Amino acid sequence: MPDGRILMVLRGSNDVKPELPGYKWCSVSQDGGRSWSPAEPWTYTDGGNFFSPSACSQLLAHSSGRYFWLGNISEENPQGNLPRYPMVFGEVDPRSMRLVRESVTVVDDRMPDEHPRTMLSNFMAEEERESGDILLYMSRPFTRSEKDWTSDAYLYRIEI
């Protein structure tokens with residue numbers, strides 16, 4: 001962050017105890033990553049919680065000085081790794097280091113005819129230097145069945 005703190009967003013699983021909330025968790029370092037605060041639920045800037053499966057996510061520092069998060073936010077409490085949709089994009093407030101609720105935008109979601117185990121979580125994002133846009137590279141496995149690992153590779157362009 002601009003003040004030198006480092007935000008780490010962690011995934012956690014409630015697979016064995018689905019009655020527990022499936023959240024993203026966060027920890028902060030104020031000494032360059034040598035020590036970290038105790039993990040706590042990562043929330044919106046207004047203090048509200050959101051559900052997220054035990055799937056990877058990504059923080060991205062933009063050349064504009066803004067910070068963004070890409071990952072999955074679930075409407076209901078997930079169970080472990082599922083569901084891994086929709087894929088969302090949102091801004092992180094650098095002071096509170098929380099997700100700005102109003103900025104969260106769905107990039108892609110499971111279509112009604114796709115399998116419930118569709119995964120929109122195998123991705124990597126980077127800033128395109130020329131335009132400043134965020135390029136999100138993602139595959140969409142399991143759209144036809146939970147045993148079908150095949151998928152085309154997609155490129156999503158998020159204009160900043």
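Does Ser121 satisfy the condition of being touching a residue at least 40 places away in the same chain (Cβ under 8 Å) and buried (at least 16 other Cβ atoms within 10 Å of the Cβ)?
Values: touching a residue at least 40 places away in the same chain (Cβ under 8 Å): yes; buried (at least 16 other Cβ atoms within 10 Å of the Cβ): yes.
Judged against the criteria, Ser121 is a match.
Can you tell me which residue among Ser64, Ser54 is under 24 Å from Leu20 (Cβ atoms) and either surrounded by 20 or more Cβ atoms within 10 Å (Cβ to Cβ) or more than 14 Å from the chain's Cα centre (by Cα) (or both)? Break it down into steps so the answer makes sense when it comes.
Working: Ser64 fails: under 24 Å from Leu20 (Cβ atoms).
Of Ser64, Ser54, the one residue that is under 24 Å from Leu20 (Cβ atoms) and either surrounded by 20 or more Cβ atoms within 10 Å (Cβ to Cβ) or more than 14 Å from the chain's Cα centre (by Cα) (or both) is Ser54.
Looking at this structure, is Gly22 surrounded by fewer than 12 Cβ atoms within 10 Å (Cβ to Cβ) and not charged (D, E, K, R)?
On the way: surrounded by fewer than 12 Cβ atoms within 10 Å (Cβ to Cβ): no; not charged (D, E, K, R): yes.
No; evaluated as a whole, the condition is false for this residue.
When both residues are 6+ apart or on different chains and their Cβ atoms are under 6 Å apart, which pairs have a first residue that lies in the stretch 47-68 and is without any contact (Cβ under 8 Å) to a residue 24 or more places away in the chain, and a second that is part of a loop (DSSP other than H, G, I, E, B) and of a type outside the set (Val, Ile, Thr)?
Going by the 6 Å Cβ cut-off, there are no qualifying pairs.
On the basis of being touching a residue at least 12 places away in the same chain (Cβ under 8 Å), touching a Cys at 6+ places or on another chain (Cβ under 8 Å) and not charged (D, E, K, R), does Met87 make the cut? Before the answer, list the steps.
Numbers: touching a residue at least 12 places away in the same chain (Cβ under 8 Å): yes; touching a Cys at 6+ places or on another chain (Cβ under 8 Å): no; not charged (D, E, K, R): yes.
It is false that Met87 is touching a residue at least 12 places away in the same chain (Cβ under 8 Å), touching a Cys at 6+ places or on another chain (Cβ under 8 Å) and not charged (D, E, K, R).
Given (1) more than 24 Å from Phe51 (Cα to Cα); (2) not acidic (Asp, Glu); (3) not in a loop (DSSP other than H, G, I, E, B), identify the lone condition not met by Ala125.
Status for Ala125: all satisfied but (1).
Among the small types (Gly, Ala, Ser) and assigned to a strand (DSSP E or B), is that true of Gly71?
On the way: among the small types (Gly, Ala, Ser): yes; assigned to a strand (DSSP E or B): yes.
The answer is yes for Gly71.
Please verify whether the stretch 33-42 includes one or more residues that are in contact with a helix residue (DSSP H, G or I) (Cβ under 7 Å, 6 or more places away or on another chain) and among the hydroxyl-bearing types (Ser, Thr, Tyr). Break it down into steps so the answer makes sense when it comes.
Step one: of the stretch 33-42, the residues in contact with a helix residue (DSSP H, G or I) (Cβ under 7 Å, 6 or more places away or on another chain) are none.
No, the stretch 33-42 contains no residue that is in contact with a helix residue (DSSP H, G or I) (Cβ under 7 Å, 6 or more places away or on another chain) and among the hydroxyl-bearing types (Ser, Thr, Tyr).
Has the stretch 56-64 got at least one residue that is of a type outside the set (Asp, Glu) and touching a Cys at 6+ places or on another chain (Cβ under 9 Å)? Spell out how you get there, then give the answer.
So in the stretch 56-64, the residues of a type outside the set (Asp, Glu) come out as 56-64.
From what is left, the residues that are touching a Cys at 6+ places or on another chain (Cβ under 9 Å) are none.
No, the stretch 56-64 contains no residue that is of a type outside the set (Asp, Glu) and touching a Cys at 6+ places or on another chain (Cβ under 9 Å).
Among what's in the stretch 113-151 and is within 18 Å of Tyr85 (Cβ to Cβ) and of a type in the set (Gly, Ala, Ser), pick the residue that is nearest to the chain's Cα centre (by Cα).
Per the criteria, the residue is Ser121.
With respect to Thr105, is the statement that it is of a type in the set (Ser, Thr, Tyr) and surrounded by 13 or more Cβ atoms within 10 Å (Cβ to Cβ) true? Break it down stepwise before answering.
Values: of a type in the set (Ser, Thr, Tyr): yes; surrounded by 13 or more Cβ atoms within 10 Å (Cβ to Cβ): no.
Taking the combined requirement at face value, the residue does not satisfy it.
For the stretch 14-41, enumerate the residues that are in a loop (DSSP other than H, G, I, E, B) and among the basic types (Lys, Arg).
Step one: list which residues in the stretch 14-41 are in a loop (DSSP other than H, G, I, E, B), which gives 14-23, 30-39.
The answer is Lys17, Arg34.
Read-outs: derived from the displayed coordinates by stated rules, not from any lab. It should be emphasised that the depicted structure is a prediction, and the values quoted were computed from it without experimental measurement. Don't worry about glycine lacking a Cβ; one is built from the backbone with ideal geometry, like all the others, and counts go over all protein chains shown.
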